[in-house]
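Nothing in this text is a laboratory measurement; each read-out follows from the coordinates by a stated rule. Being a predicted model, the structure only gives us computed values, none of them experimental. In this analysis, Cβ positions are derived from the backbone assuming ideal geometry, glycine residues included, and neighbour counts consider all displayed protein chains.
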Amino acid sequence: MKVIVPLLLAAVTLAGCDQNMEVQPKYDAYAKAPLFRSGVLRDPPAGAMARDALEKNQDAAQRPALTAALLDRGHDRFAIYCSPCHGAGGDGNGRIVQRGMPSPTSYHDPRLVSADDQHFFDVITNGYGAMYSYASRVAPRDRWAIVAYIRALQLSRRASLDDVPAAQRSRLEAMP
Ligand code: HEC
């Protein structure tokens, strides 16, 4: 009994402590903010940056080295974020297009084959016509990975036997 009473007291007291920061005076998003003269929440001051903005800007400006790991990552992200519309091969006939989304230009169209890498990066960042921006879902480094994978897709239809390293060529030639 001697032990139980303080334990019970502690349990009751601690239960009362479960007041986290949800319970406090604060503005909900888009709620009226009478503290300010305009009555609405302010824009951030000029020059304010999100915590990870610097890092993201650096990643956007500096493309990562082309490695097999980068291509793998690009393949993975492309399958998730792009293939639903652009199709696994980049022809512009993904599942969503089959259900009514406007059909994007094929990545194998000569205009897109000759477009530079930055164009693809920019389309992912800013969107393009009916396609919305993927900036919030695909980090800059992953955008470069996707661009590398799209280049591989394009090359896959235009490469000649001379592009294959000599060591692997005989393997290809032996294929039926
Ligand atoms: C919800 C469907 C959808 C998804 C998902 C999507 N796109 Fe698109 N994309 C489109 C459509 C539609 C267009 C054509 C827009 C237009 O011409 O108005 C387009 C156009 C493009 C173009 C061609 C721009 C040009 O110069 O013609 C590129 C490159 C592109 N998308 C890349 C991507 C990449 C990379 C991803 C993945 C990160 C992606 N898209 C995801 C629908 C999509």
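A few points about this structure:
- Estimated vicinal HN-Hα couplings, Hz - region 159-176 in sequence order (Karplus 6.51, -1.76, 1.60; Gly, Pro = x): 6, 10, 4, 5, 6, 7, x, 3, 4, 8, 5, 5, 4, 5, 5, 6, 5, x
- Report note on the peptides 109-115, 68-74: ranked by the mean count of other C-beta atoms within 10 Å, highest first, their order is 68-74, 109-115.
- Contact order normalised by residue count of the chain, Cα under 8 Å, 6+ apart, percent: 19 percent
- ³J(HN,Hα), Karplus 6.51/-1.76/1.60, whole Hz, each residue of region 35-46, x for Gly, Pro: 4, 9, 4, 6, x, 10, 5, 7, 6, x, x, 4
- Exposed-loop-free span, longest in the chain, where chymotrypsin sites (Phe, Trp or Tyr not before Pro) count as exposed if DSSP calls them loop and at most 11 other C-beta atoms lie within 10 Å: 37-131
- Rg/Rh ratio calculated on Cα atoms of the chain (Kirkwood radius): 1.25
- In Hz, Karplus ³J(HN,Hα) per residue of region 126-133 (6.51, -1.76, 1.60; θ = phi - 60°; x = Gly, Pro): 9, x, 7, x, 6, 8, 8, 5
- The chain: calculated mean residue ellipticity at 222 nm from DSSP helix runs of at least 4, using -39500 (n - 2.57): -14000 deg cm²/dmol
- Binned Cα-Cα distances of region 70-159, short to long, each 5 Å bin given as a whole percent: 3, 15, 26, 30, 20, 6, 0
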